[in-house]
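The values are calculated or read from the model by the stated rules, or taken from the named source; none is laboratory data. As the structure is a prediction and not an experimental result, all values here were calculated from the model. We place every Cβ from the backbone using ideal geometry, glycine too, and count neighbours over all the protein chains shown. With ligands, DNA and RNA removed, areas are computed over all heavy atoms of the protein, side chains included. Shrake-Rupley method; radii C 1.70, N 1.55, O 1.52, S 1.80 Å.
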Amino acid sequence: MFGLAIDPNGGDSLVDQLAEGLIARIADGRLAPGERLPSSRTLADALGIHRNTVTAAFRRLGEDGWLESQVGRGTFVAESLPRVAPVPEQGTGPRFDWASYQPRRGRTPGEEMASAYDSPQHPDTISFAGGVPDPALYPADEVRKLCRELLRGDDTLLFRYGPAAGYEPLRELVRQEAARDGVASESFEVLITNGSSQGLDLFLRFACEPGATVVATS
């Protein structure tokens, strides 16, 4: 079926062989975008493999953007395909080059985020992956000194949960600074957040109703 050949004694797993074979046939046009594939049972019977193998290959290709499953209708070749071409291999026909393709499967969201924030290797390269200041600008010595001073005092306070509204002396300091500009006059009007994202989230929860339209600029 589709010219697929599965070798139980091959070096690759049966799932890999089937996935690569289907990708090759999609890439060379033998399986067109939107075309419906046989059911997992039909394909398994035709290839002499277990249905679970076909299901696993379909799931993998669905995660990688090659196939789309529709409940009650079946599995189809995706209308919008990944921009990756098959690499011919001597004696085996079209074969997908997995080494040149970085699939989403196997990478956690944390790993994806970490890869985006990897430090550039070249010293003259400036990364704009995130809003991270130049490390040379951090007052590391001052922070280190302050930490030592705090630990000399009642250090147990540093390891407790603080007030939900924020550290009270800090709230009072912020209130005093804001009061000069007429922004806040009472301490209950000041809330310390973990960052701008939390502040925006709290504000939107307070000010916006579900379904409201919000325009944001950067």
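For segment 160-195, taking the residues that are under 24 Å from Leu150 (Cα atoms) and of a type in the set (Lys, Arg), the one that is surrounded by the fewest Cβ atoms within 10 Å (Cβ to Cβ) is identified as Arg160.
Candidates Val215, Val174: the one that is assigned to a loop (DSSP other than H, G, I, E, B) and either out of contact with any Asp or Glu (no Cβ under 6 Å at 6 or more places or on another chain) or over 19 Å from Gly162 (Cβ atoms) (or both) is Val215. Give the residue that is most open to solvent (accessible area, probe 1.4 Å), with candidates limited to residues of segment 38-64 that are of a type in the set (A, V, I, L, M, F, W, C) and closer than 16 Å to Ala5 by Cα. This residue is Ala46.
Looking across segment 65-90 at every residue that is at pLDDT below 85 and open to solvent by less than 80 Å² (accessible area, probe 1.4 Å), the one that is farthest from Pro33 (Cα to Cα) is identified as Val87.
Scan segment 22-40 residue by residue and report those that are within 14 Å of Ala56 (Cβ to Cβ) and either touching a Gly at 6+ places or on another chain (Cβ under 9 Å) or free of Cβ contacts under 8 Å to residues at least 40 places away in the same chain (or both).
Ser40
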